Amino acid sequence: MEGDSVEFCGLKYYPLGHATLSRQKSELVVSRMKSGMNGFSVDTGNALDVSIQLAPVDITEDISFAVTYNMTDHSNYLRTAGQWMLTGGDQVGSSTLLLNPKYEERFVEVSGLLWGKKLFDRKLRPGSIQQDNWCDLGSFLAAKHCPRLYSLDFEVNVNRGEDGKIIFLKTTKTIGIAGSFKPSGALKGETLSAGSKLFRVDKLRVSSVTYYPQGLSRNQESFISQLLVSTQDISSLTVKVCEAF
């Protein structure tokens, strides 16, 4: 890691880049992040569900915000299980949500929610996934207010066969972000809410499914071990709560 660790909510945090970490009352403050991509990583142990609550961050068009999810198996092999980034979009005042497809499986679904109600549920078009390029999932358009990011969640669910081996594995990345979201043409599927193609959301959910017909060996069973958060052009970031189960 790139610096001294700080313990918060029972988990160890490490600064990335030029960032510094400090505990202030009941919060963790990540500062010195304005220049370049800086941030923090958190070791989550052998978790199947991780939730981070942030002090709200306004995502303006000049800000980049990236999250990487890592998993470790029983053989201590570390692999990346997901990666997304918010960055300035093509339109003035917009931010684009990009997904790195090299860490996703064939079946990827994207859902938008508001107050717990699902507004749309769409799948990535097969031809839109190119392993060497980031995939455009859609854009947040700043009409009156820019999108506001407030939480990060990552969850792993499995089904086992009669022999106890994993035959189905689903990873779900939930981004707590309030704003007006327009899905890209890379997504196809049914719109569950009437109206235009612009949706007011407070959460976006990206799910990826893997099937193992022969079953996954125990040594290959993986757990969420680490989250990395890096940003550009944000002066500081405050972590309010982090839980790993």
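The values are calculated or read from the model by the stated rules, or taken from the named source; none is laboratory data. Only a predicted model underlies this, so the values are computations on that prediction, with no experimental measurement involved. Because the Cβ atoms are built from the backbone with ideal geometry, glycine has one as well, and the counts that use them run over all protein chains shown.
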- request: Scan the stretch 36-46 and give yes if some residue there is surrounded by fewer than 17 Cβ atoms within 10 Å (Cβ to Cβ), at positive phi, in a strand (DSSP E or B) and under 21 Å from the mean Cα position of the chain (by Cα), otherwise no.
  value: yes
- request: Looking only at the stretch 206-241, count how many residues are part of a strand (DSSP E or B) and within 18 Å of N46 (Cα to Cα).
  value: 8
- request: Report yes if some residue within the stretch 83-105 is within 16 Å of L137 (Cβ to Cβ), part of a strand (DSSP E or B) and of a type in the set (V, I, T); otherwise report no.
  value: yes
Within the stretch 47-67, considering residues that are outside any strand (DSSP E or B) and of a type in the set (D, E), the one surrounded by the fewest Cβ atoms within 10 Å (Cβ to Cβ): D62
statement: L99: passes all of (1) of a type outside the set (K, R); (2) buried (at least 17 other Cβ atoms within 10 Å of the Cβ); (3) at pLDDT 90 or above; (4) touching a Ser or Thr at 6+ places or on another chain (Cβ under 9 Å) but (4)
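Every residue, every condition in (1) surrounded by fewer than 16 Cβ atoms within 10 Å (Cβ to Cβ); (2) touching a strand residue (DSSP E or B) at 6+ places or on another chain (Cβ under 9 Å); (3) modelled with pLDDT under 95, yes or no:
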{"position": "V206", "(1), (2), (3)": "no, yes, no"}
{"position": "V209", "(1), (2), (3)": "no, yes, yes"}
{"position": "Q214", "(1), (2), (3)": "yes, yes, yes"}
{"position": "I224", "(1), (2), (3)": "no, yes, no"}
{"position": "I234", "(1), (2), (3)": "no, yes, yes"}
{"position": "T238", "(1), (2), (3)": "yes, yes, no"}
{"position": "A244", "(1), (2), (3)": "no, yes, no"}
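Yes/no per residue for (1) of a type outside the set (A, V, I, L, M, F, W, C); (2) at pLDDT below 85; (3) crowded, with 17+ Cβ neighbours inside 10 Å; (4) in contact with a strand residue (DSSP E or B) (Cβ under 7 Å, 6 or more places away or on another chain):
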| position | (1), (2), (3), (4) |
| --- | --- |
| Y69 | yes, no, yes, yes |
| V92 | no, yes, no, no |
| K117 | yes, no, no, no |
| K123 | yes, no, no, yes |
| G127 | yes, yes, no, no |
| L152 | no, no, yes, yes |
| N157 | yes, no, no, yes |
